[in-house]
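Take a look at the structure set out below.
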Amino acid sequence: MTAAPIKLACRNVWKVYGRRPAYYFDSRGYIIEPDALAERLRSEAHLPAVVDATFEVATGEIFVIMGLSGSGKSTLVRCLSRLVEPSAGEILLDGQDLLKATGKELIELRRHAMGMVFQNFGLLPHLTILGNVAFPLKIQGRPEKEREARAREMIALVGLEGREASFPHQLSGGQQQRVGIARSLAVGPELWFLDEPFSALDPLIRRQMQDEFLRLQRMLKKTIVFITHDMAEAFRLADRLAIMRAGKIVQIGRPADIVLNPADDYVAQFTEDMPLLRVIKAGDLATSLNGSAVPEESVAAGASLEELIPRLASGVRAFSVPGEGAGPPALLTAGAVLAVLEREQTRRTRS
Amino acid sequence: MTAPAASFRSSPRVAIEPALLPWCALIALTALCLVLKTDFPWLVTFPKEWTLPLAAGVNAVTDAVVTVVQPAFRALSAALEAPMRGARLVLVWLPWPAVMLAVAALALKSSGIRLAVFALLALTYILLAGYWPQSMSTLSLVLLAVPISTVLGFALGVLGHTRPGLRPVLLGALDLMQTVPAFAYLIPLLLLFGFGPVVGLIASAIYATPPMVRNTLLGLDRVPSDISEAGLMSGCTRRQQFWHVEVPTALPQILVGFNQTTMAALSMVIVAAIIGGFEDIGWEVLSSMRKAEFGQSILSGLVIALLAILIDRLTIGFAKARPAGPTAAMTWMTDRRLAIVLALAAALAIAIRLLWPNETLLPATGLRMQVGGINQWLLGLVRDCAWFFDGLRDGVLYCLLLPLRIGISGAAVPAIWGFTLSPTANATYAVAVLLACALLLHRFNWRPALALLVAGTLLYTGFLGFPWPVFILGIALLAFQVAGLRLALFAVAGFLLILVNGLWGALVQSLYLCTLAVLLCLVIGGALGVWAAYSERVSRILKPVCDALQTMPQFVFLIPALMFFKVGEFTALIAIMLYAIVPPIRYVEHGLRHVRADVVEAVEQMGATPVQTLFQAKLPLALPVVMLGLNQTIMAALSMLAIAALVGTRDLGQAVYVALGKADAGMGLIAGLSIAFLAILADRLIQAAVAGRATT
Ligand SMILES: Nc1ncnc2c1ncn2[C@@H]1O[C@H](COP(=O)(O)OP(=O)(O)OP(=O)(O)O)[C@@H](O)[C@H]1O
Ligand SMILES: [Mg+2]
C-alpha cells in the first residue's frame, strides 16, 4: 500500500481556557508531561479543552474525531482552522506551519485551501440560497457571472436545483445543511472540516445525508476532518478515527483496530455496542498469501464481514482480497472471520 | 446520628433566621424614633441648617465651565441651526398632496394597504384640523434628530461590542441617560446652546440614542457563532466580516432599535416645546392646555397621537418581517416602484409650487378655529359631570393620597376627616395590625408579616411622618439582603445625597406618589391582565389599546387628566397611571398564558378549583415575568414624574421643573439624578430579587 502524502499534521496542540494560559507554555526546553500539566491546569482554575493532540491526516482521507459532548472536538477542529488560537503546539498544512501564518496569509488560506461545515449551518439569513453559496466567492471579489455559475453548479451538486431564490428559513434542516455543504465546497478547497454537520438533523435525514456525503467524497476526494459524537456515524464514515476524552485523544486508528484492540476501558465501553461484523472489513483481516494458492472466491477489501456470512455458510473456506493497484492479492481465511464472530458472541453474553 | 435529632428538638416552631435579627433591631429603632419624634423633630424632618450648598457648588462649576466652552457650543448651535431651518423650510414648503403620496407609498411598502389607508386618513385629519405646518416643523426636528441618534447609537453600540472593557461604563451611561428626566439635562444644554429649537434637537438626539445603542449591542452580541465562523472561514477580512456578515445578521434587531429611537425622538421633541416656543405641535398642546382650551388641546393631542402611531407602524413594518409573509401590496411595491413614486411626489411638489406660487393650499380655517362650540360643550360636560369627577378625585385624595402622605394620624383631624382619633381607636388600629402580622407569621413566614408591619406603620405615620434614619437603614438592609453590600452602599449614598441637598421632602412626595401609582397600576392592570389571559375577546380589545398607549408620547397623557381633574396631585396620579398601566397588563397576561402547561395540568388533576389554580399555581409560576412588568411599571412611573410636574406636584419632578424655570443647573441636575437614583435602585433590587428566586 503506497502511503498517501500527509496533508495536515497536528503536533502537541494544546488549547487552554482561563485567566492566563500562556503562563503554562512559555517554558521552552521542558518536556511537558501532558497528564500532569492538564491536572495542574484544572486545579488552578484553567480549562484544558484540548490536551496535547497529535495526529496526521493523509491526503484524500476521512479522519473522524469522536467524543462525548464537551470533550473538546469543536475546539480542536477550530484550532486546525485557527478560528481558535491554540495555546501551544504546531499545525502543519502541506508542511507549512499554520500557526506562523500572518492574518493576510490566513485569509488567503481560508479563501482557497479550507472549507468548513457547521452544526447549525451558519447560513446568512439575509441572503438567498444562491447568495449564500456564492458568498465566499463574493468575498474574494470574483465577477458576478462567474460566482453565480459556480454557485449554481454547487447547488446542483447537492441536489437543490430550483431552490436558488429561497431564503434559508424557508428550507428544512437537511436542505439547509446541503446549502452549507455547497457553500463550503464553492471555492474548491482541498481540506474540508465538518463539525457535527448532521447532528441537528432527524435520524432518517441524517442517514440520507451520510450517504450523500460519501457519494460526494467519492467524486471529490477531499481531505476531511469530520467531527461527530455519534458513534455509528463515526464508524460508518471513517477511514481512521480519533477518540477524545476530556480534551485528550485516547486512541487513533482504523475502525477495526479500535473495536478489536481498544486502548482502554473507556474506549472499550464506548465501542461496546458497535457490531464487529459490520465495522470490520475484509481488508482488515486479510494476510499475505505467503506462497499459497490464490483462492477462487474473491471479495472486495471494503466488504464488511457481515456480507461474507452467507458465502461462508455455503462452505467457502478462504477468499482472495485483491490488493490496491497492481499489488498481489491477500488471503482471508474463514477461521479469521469465525474468530471475530466468536468474539462478538462473548461480548454479547457479557453485556 | 445524634446531631440532627438534637437540632430537631431544640428548633422552635418559628425559626429565628439570621436575616430576621437586623429587622427586629430596626423595628425597635422605629418605635424609639416615633416615641422621640415630638422631642427631636429632626428625626422626621431633616433640618434646613444641615443641608450642604451642593447645588450652588455645581452651579459655580457649571458657570465656570460654561463660560469657557460656551463659544464652541454656540458655534455648534449655529452650525445646526442652518440644516434645521433648511429641513423645516423644505417640509413646510412641500405641498400636502406630495407628502401624502410619498407617505402612502412608504406605508404600502412597509406594511401594506391598511397602513397606507391609515396614513392617508391621519394626514387628512392633520390637514383638516389645521395643524399641518406645526406637524411638519415637529417632523423636521425628528427627521434631524433621528439620523444623529442612529449614527451615534450605532457607533457606540459597535464600540461596546468590540471593546468589552468599555461596556460597564457604556451601560452605566445608558442607564443614566434613560433615567435622568430630560428636563434635567435641558438646563445645562440651555446654558451651553442658548434658547431655541437647537436645544430641543440636541436634547432629543441625546434622549433617543440609548435604545439604538442597546439594540445594536444586543444584535451584534447575538450573531450566532456558527454564522460569524462561517464568515471567517469564507475568508472575510475584518471589514468584510463586519459589513457583510455581522451587521446584516444583526439588522432586524438594529431596526427595532431604530424604531424605538424614532419614537423616543418624537416624544422628546414634543416635550422640548416647553423651552422652545417655536411653532410646533408640542407647543400647540402646551399653550392650549395652559389656556384651558380643551377643544384645541384634544385636537392637537390627537395629532401627536396619530403621528406617533403612524411613525411607529412605518418603522416597525420595515424592522420586523410579518410572520405570514409580505402581503400582495408589499411585494408589488418593489424598491424601484417606490423610487418612482417618490420621484413623482417630488415632481408633483415642484409642479404645484410653480403653478400656484402664492397658494398655501391649506384649508383657510382649520377645525381648530371652530372649536369654540366644542370648548363650551366640553366645559359644560366637565361642569355637569363635576359631581362625578370631583367626587372621584376627592374620594381618592382623602382616602388614599392624604393618608399615605401624612398618615392616618395626620389625616384624622377635624379639617380633613372631620374627627380625631381617640386613644382607643389608635390602640385598636395597633392591635389589628399586630394581629394581622401574627396571622401572616403563623400561616407563611416572617417576610409578609414584616411587610405588613411596615405598611401599617407607614399608613399611620404617613410617608412624610416616617423617620428618615429608619427609612434609609431599612432600604439599605433590604438591598443588602437581596443584592449584597454594593447595592446597600449605593442606596445609602444616594439617599444621603438627597438628604443633604434638602430634597428629602420632595423625595418622599415622589415616593408616595409613585408607590400609589404603581400599586394601583398593579391592581387594576393586573386584574385586566388576568382577565385578558382568560378571555380571548378581552385580550383582542386590550391589545390595540395597550399598543396605542405605549406609542403615545408621555405628554399626551396630561390632556385628559387635566381636562377632567384640573391641576393637582390627583391629576398627576392619573397621568402617571395612564402611562404606567400597560406593563402590568401585558406582563401578567403574557406570564399567565405562558405558564408551563404540564404543571397547571398536574394541579388541575389534583382537583384544584380555577381560583386555586390561578393563585396557587399560575401566578406563582408567572411571578418572574410579573416582576419584570413591575420593574417596567416603576420605570414608567418615575419617568412620568417629571412630565407630571406640569400639572402640579410637589415632588422631585417639580424640583427639576422649577430649576428649569430658574435655569438652576445645579438643583436641576441633583433633583434629576435623584430620580435616576430611585429608578436604578428599584431596577437593581427587582432584578436581584428575580435572580435570587431563579437560583433558589
Ligand atoms: N470560549 C470558551 N471559553 C471557555 N471555555 C470554553 C470555550 N469554548 C469551549 N469551552 C470549553 O471547552 C470544552 C470543550 O468544548 P467543545 O465545544 O470543544 O466541546 P465539544 O466536544 O465540541 O462538545 P459538543 O459535542 O457539545 O459540541 C467545554 O468544556 C467548553 O465548556
Ligand atoms: Mg462541538
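The values are calculated or read from the model by the stated rules, or taken from the named source; none is laboratory data. Values in this document were obtained by computation on a predicted structure and should not be read as measured data. When we count neighbours, we look across all protein chains shown, and the Cβ atoms used for this are built from the backbone with ideal geometry, even at glycine.
Quick notes
- Single residue of region B:640-684 satisfying the filter (polar (S, T, N, Q) and buried (at least 23 other Cβ atoms within 10 Å of the Cβ)) that is nearest to B:L478 (Cα to Cα): B:S674
- Set B:V603, B:V567, B:V626, B:V611: member being under 30 Å from B:S287 (Cβ atoms) and of a type in the set (V, I, T): B:V567
- Odd one out for B:T461 among (1) surrounded by fewer than 15 Cβ atoms within 10 Å (Cβ to Cβ); (2) of a type outside the set (F, W, Y); (3) modelled with pLDDT under 85: (1)
- Filtering region A:37-57 to residues that are buried (at least 19 other Cβ atoms within 10 Å of the Cβ) and at positive phi leaves only A:D52.
- Any pair with Cβ under 6 angstrom, 6 or more apart, that starts in region A:205-234 at a residue that is within 14 Å of another protein chain (Cβ to nearest Cβ) and ends at one that is within 16 Å of ligand 1 (Cβ to nearest atom) and acidic (D, E): A:I227/A:D195; A:I227/A:E196
- Residue count, region A:181-222 (criterion: within 16 Å of ligand 1 (Cβ to nearest atom) and assigned to a helix (DSSP H, G or I)): 1
- For the criterion of being surrounded by fewer than 22 Cβ atoms within 10 Å (Cβ to Cβ), over 20 Å from B:A55 (Cα atoms) and without any contact (Cβ under 8 Å) to a residue 40 or more places away in the chain, B:L170 fails.
- Count of region A:90-114 residues which are of a type in the set (D, E), away from every other protein chain (no Cβ under 14 Å) and more than 15 Å from A:L76 (Cα to Cα): 2
- Residues satisfying the stated conditions in region B:323-367, i.e. of a type in the set (D, E, K, R) and either under 30 Å from B:G301 (Cα atoms) or surrounded by 12 or more Cβ atoms within 10 Å (Cβ to Cβ) (or both): B:R337, B:R353, B:E359
- Residue selection: B:L464 satisfies the criterion of being in contact with a helix residue (DSSP H, G or I) (Cβ under 9 Å, 6 or more places away or on another chain), in a helix (DSSP H, G or I) and under 21 Å from B:G410 (Cα atoms).
- B:G407 under 27 Å from B:C514 (Cβ atoms) and at pLDDT below 80: yes
- Taking residues in region A:115-140 that are within 7 Å of chain B (Cβ to nearest Cβ), and partners anywhere that are of a type in the set (D, E) and in a helix (DSSP H, G or I), the pairs with Cβ atoms closer than 6 Å and at least 6 places apart or on different chains are A:F118/B:D226; A:N120/B:D226; A:G122/B:D226.
- Residue selected from region A:58-110 under the condition at positive phi and either part of a loop (DSSP other than H, G, I, E, B) or at pLDDT 95 or above (or both), by the criterion farthest from ligand 2 (Cβ to nearest atom): A:G95
- Considering only residues in region A:141-168 that are within 14 Å of chain B (Cβ to nearest Cβ) and of a type in the set (K, R), the one that is surrounded by the most Cβ atoms within 10 Å (Cβ to Cβ) turns out to be A:R147.
- Hits in region A:194-211 - residues which are surrounded by fewer than 24 Cβ atoms within 10 Å (Cβ to Cβ) and closer than 23 Å to A:L124 by Cα: A:E196, A:S199, A:A200, A:L201, A:D202, A:I205, A:R206, A:M209
- Helices (runs of 4 or more DSSP H) enclosed by region B:550-663 - at least 3 residues per element that are free of Cβ contacts under 8 Å to residues at least 24 places away in the same chain: B:597-605, B:652-662
- A:L171, sole failed condition from (1) more than 11 Å from chain B (Cβ to nearest Cβ); (2) surrounded by 17 or more Cβ atoms within 10 Å (Cβ to Cβ); (3) free of Cβ contacts under 8 Å to residues at least 40 places away in the same chain: (3)
- Conditions (1) touching a strand residue (DSSP E or B) at 6+ places or on another chain (Cβ under 8 Å); (2) more than 13 Å from chain B (Cβ to nearest Cβ): number failed by A:L194: (2)
- Annotation for region A:183-193: at least one member residue is within 16 Å of ligand 2 (Cβ to nearest atom) and in contact (Cβ under 8 Å) with a residue 24 or more places away in the chain.
- The residues listed here are A:L80, A:L68; of these, the one that is within 16 Å of ligand 1 (Cβ to nearest atom), touching a residue at least 40 places away in the same chain (Cβ under 8 Å) and within 14 Å of chain B (Cβ to nearest Cβ) is A:L80.
- Unique residue being buried (at least 18 other Cβ atoms within 10 Å of the Cβ), closer than 23 Å to B:A580 by Cα and not hydroxyl-bearing (S, T, Y) when the list is B:L453, B:L513, B:L503: B:L513
Yes/no per residue for (1) surrounded by 11 or more Cβ atoms within 10 Å (Cβ to Cβ); (2) in contact with a Lys or Arg (Cβ under 7 Å, 6 or more places away or on another chain); (3) assigned to a helix (DSSP H, G or I):
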site: A:D257; (1), (2), (3): yes, no, yes
site: A:V267; (1), (2), (3): yes, no, yes
site: A:M274; (1), (2), (3): yes, no, no
site: A:R278; (1), (2), (3): yes, no, yes
site: A:S292; (1), (2), (3): no, no, no
site: A:S320; (1), (2), (3): yes, no, no
site: A:L332; (1), (2), (3): yes, no, no
site: A:T346; (1), (2), (3): no, no, yes
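- Residue match in region B:223-243 (condition: of a type in the set (A, V, I, L, M, F, W, C), out of contact with any strand residue (DSSP E or B) (no Cβ under 9 Å at 6 or more places or on another chain), surrounded by fewer than 21 Cβ atoms within 10 Å (Cβ to Cβ) and more than 14 Å from every other protein chain (Cβ to nearest Cβ)): no
- Options B:G672, B:G629, B:G668: the member that is outside the structural domain of B:P181 (by TED's automatic domain parsing) and touching a Lys or Arg at 6+ places or on another chain (Cβ under 8 Å): B:G629
- Subset of region B:458-503 [β-branched (V, I, T), over 14 Å from B:W23 (Cα atoms) and over 25 Å from the mean Cα position of the chain (by Cα)]: B:T461, B:V500
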